[in-house]
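Working notes, beginning with the structure itself.
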Amino acid sequence: MTPVDPQKVRRSRTGLIAHDPARAEAGYTLFAPMLGDGTVYLLDTAGEVAHTWRMPYRPGLYGYVLDNGHLFYGGKVPQDLARFEAWPRFKGGAVLEVDWHGRVVWEVKHPDHHHDARRLRNGNVLLLCLRPLPPAVAARVRGGLPGTEVDGGVIYADYLLETTTRGEVVWEWRSWEHLDPEAYPVTPQDRRAEWTHGNTVAETADGNIVVSFRNISTVVMIERVTGKIIWTLGSPPLAQQHDPRPLPGGNLLIFDNGTHRRDHPATFSRVIEVDPRTSAIVWQYTDQSLFEFFSPYISGAQRLPNGNTLICEGCHGRIFEVTREGDVVWEYVSPYFSQEPGAPGLNNWIFRAFRYTPDEIERARRA
């Protein structure tokens with residue numbers, strides 16, 4: 001008798017689940033299994049692997065295609081993993097650009113880098129980093145599980161670095177100089193080893209910077225010239241969100257994970273489109289069965305050229321495309337599983353996924 005697979009997602013079904021060619025956006029889907037070996041996959045719409053990049057590092061935590069056709073990738077450098085319990089899972093340490101064949105164009109390393117990094121329009125690199133709070137600031141941090149600071153009462157928080165591709169620092173922004181710890185407490189069931197826990201950085205069309213802070217359920221927009229926070233969105237409506245992504249016209253697409261909701265008794269995920277001018281939610285996606293769409297960590301969403309939205313339900317390794325009305329027109333579940341010690345266990349987690357048009361991928365092949 002064949003033993004039953006103990007992994008629920010893998011036991012159900014993986015690979016291509018659904019495809020409506022008449023309504024789905026044509027193209028290729030890119031993702032890197034978050035706890036995998038550093039292989040980045042490019043799928044066609046039939047769910048077949050069209051190309052792979054074998055990177056020199058495990059993901060720290062994902063990659064995406066640049067306008068020039070090259071792959072921008074965050075890598076996990078396996079050093080200094082003992083800062084606090086969760087650091088090995090989301091540590092980065094290296095960002096690099098490679099061509100279609102995986103040849104490295106440039107690489108920047110920084111020991112504080114984690115989660116995210118972006119290539120800016122000016123050609124520089126924006127790194128999301130963390131380091132210990134000054135003791136006087138750490139003493140003012142509220143919320144979280146008592147006694148879960150790092151040994152000695154240390155609490156980490158986020159800062160941003162802009163560097164050249166040679167690693168020269170040209171700009172720095174520190175969260176604790178612009179956010180009041182008493183006004184932004186850690187969510188009740190999270191560890192106090194971290195205060196803000198940033199998970200996303202992004203550049204708006206006018207050059208401002210958007211940052212997502214999960215542990216305080218807050219998205220901020222930073223005026224690039226002055227460093228001042230010019231807009232915030234907190235809880236409610238947000239609940240430990242990821243991936244605030246600027247859209248043409250100025251709106252933000254946000255994956256609202258849904259843990260520790262303050263305006264609803266249930267835990268469920270949704271994707272929302274927010275107008276920063278009014279902070280109003282102008283569109284959202286939830287599953288028809290409310291609890292069937294939920295990823296407590298990671299995840300993201302991308303607005304596609306045809307108006308559909310590609311969603312990465314990260315903790316289930318699920319990538320799917322929905323119409324404006326919420327109809328699923330393409331769905332894929334990653335068959336790439338890793339056995340990770342500690343909380344993740346056996347999983348097929350995906351931090352983010354992206355859809356690219358055939359023309360964009362052809363340009364990448366030629367780059």
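The values are calculated or read from the model by the stated rules, or taken from the named source; none is laboratory data. All figures in this text were calculated on a predicted structure; none of them were measured in a lab. For neighbour counting, all protein chains shown are included, and Cβ atoms are generated from backbone atoms with ideal geometry for every residue, glycine included. Note: accessible area is taken over every heavy atom of the protein model, side chains too, but ligands, DNA and RNA are not part of it. Shrake-Rupley method; radii C 1.70, N 1.55, O 1.52, S 1.80 Å.
In the full protein context, the chain carries 41 Å² of accessible surface per residue, based on a 1.4 Å probe and ignoring ligands, DNA and RNA.
For the listed peptides 94-101, 192-199, 280-287, a ranking on the average number of other beta carbons within 10 Å per residue, highest first, reads 192-199, 94-101, 280-287.
Here the gap between L145 and W231, fully extended at 0.36 nm per residue and compared with their Cα-Cα distance, gives a gain of 28.1 nm.
Using the Karplus relation 6.51 cos²θ - 1.76 cosθ + 1.60 with θ = phi - 60°, the per-residue 3J(HN,Hα) values for the stretch 95-111 come to 10, 8, 10, 10, 8, 4, 9, x, 6, 6, 8, 7, 8, 10, 10, 8, x Hz, with x marking Gly and Pro. Rolling a 1.4 Å probe over the protein heavy atoms of the stretch 52-102, with every protein chain left in place, gives an accessible area that is 51 percent carbon and sulfur.
Protein heavy-atom surface of the stretch 306-367, 1.4 angstrom probe: 48% of the accessible area is carbon and sulfur, with nucleic acids and ligands not counted. Express in whole angstrom the spacing between the alpha-carbon centres of the stretch 324-351 and the stretch 172-208. Rounded to whole Å, the Cα centres lie 26 Å apart. If I model a spin label as a point 7 Å beyond the Cα along the Cα-Cβ vector, how far apart are those points for D263 and Q284 in nm? It works out to 0.6 nm between the two label points.
Going through (1) 95, 42, 36; (2) 61, 45, 44; (3) 56, 50, 48, the figure that equals Cα extents along the principal axes in Å as computed for the structure here is (3). Here the simple spin-label model places points 7 Å from the Cα toward Cβ, and for Q339 and L247 these points are separated by 4.3 nm. Applying the Karplus relation 6.51 cos²θ - 1.76 cosθ + 1.60 with θ = phi - 60° to the stretch 356-367 yields 3J(HN,Hα) values of 10, 6, x, 5, 5, 6, 5, 5, 5, 4, 8, 5 Hz, where x marks Gly and Pro. Once the chain from A26 to E223 is taken as fully extended at 0.36 nm per residue, the excess over their C-alpha distance is 67.3 nm. Comparing Cα centroids, the stretch 60-99 and the stretch 243-258 end up 22 angstrom apart. Judged by the mean number of other Cβ atoms found within 10 Å, the most tightly packed of the peptides 251-264, 76-89 leads the ranking 251-264, 76-89. Estimated purely from DSSP H runs of n ≥ 4, each contributing -39500 (n - 2.57), the mean residue ellipticity at 222 nm for the chain is -1500 deg cm²/dmol once divided by its residues. A crude spin-label estimate for the pair H51 and R363, with each label 7 Å from Cα along the Cβ direction, gives 1.3 nm.
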